[in-house]
Amino acid sequence: MEEGPSCIIYNYGLITRSGGTYNFFGGGVPLIRDPKKPAPRYWKLPGGRSEGKETPEECATREIYEELGLEIDPDDLKVLEQQDRGNHTLTFFRLQLPSLQSIKTVGDEQEEINIFKNLKEVATLPDLFPNHRSVVQKATLGHYF
């Protein structure tokens, strides 16, 4: 059975994986860590799997709200890259956010949220989720901007 899209957020703009979102903003880089997961517990870019027939944009919008408490307009998401992962497609978006002042301190599913100084700091984290490291490294090299 084929899985639906998934999403991820990244800050400076935003990146999402076809159902998820990675967010990087000028005010820092928000990362999520789920204390309920077994070790090793990695820092991850915010995101998750789509629900029902959500589009990648709808999933990204929902995940940003659930995990970070930020409301965005899905029309503001700009596609940067798509990756075919066999059972789903990762779509990376860019999004400009005015600030991170109203960001949650804990996600809806009790995830830990931390705002890191910048992408270079995130790229050096030993406990950054390995699948997210390449995206962060590309962003630090200016690949998306």
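The values are calculated or read from the model by the stated rules, or taken from the named source; none is laboratory data. Since the structure is predicted, the reported quantities are computational estimates derived from the model, not experimental observations. Here the Cβ positions follow ideal geometry from the backbone for every residue, glycine too, while neighbour counts run over all protein chains shown. The protein model used for the area step is the full one, side chains on, heavy atoms only, and it has no ligands, DNA or RNA in it. Shrake-Rupley method; radii C 1.70, N 1.55, O 1.52, S 1.80 Å.
For segment 46-125, the solvent-accessible area with a 1.4 angstrom probe is 57 square angstrom per residue.
Placing a label point 7 Å from the Cα of Leu141 along the Cα-to-Cβ direction, the residues of segment 64-107 with a backbone N closer than 18 Å are 80-83, 92. Near Gly69, the amide H atoms lying under 5 Å from its own belong to Lys104; only residues 5 or more places off or on other chains count, and H is placed 1.01 Å from N.
For segment 25-127, the residue among Gln82, Gln110, Leu31 whose Cα projects farthest onto the positive side of the dipole built from Cβ charges is Leu31. Protection proxy ranking, highest mean first, for peptides 110-119, 44-53, 78-87, 65-74: 44-53, 65-74, 110-119, 78-87, where packing is the per-residue count of other beta-carbon atoms within 10 Å, averaged. Couplings 3J(HN,Hα) of segment 122-139, computed from phi: 4, 4, 9, 5, x, 10, 7, 3, x, 5, 8, 4, 5, 5, 5, 5, 4, 5 Hz, in residue order, whole Hz [Karplus 6.51 cos²θ - 1.76 cosθ + 1.60, θ = phi - 60°; x for Gly and Pro].
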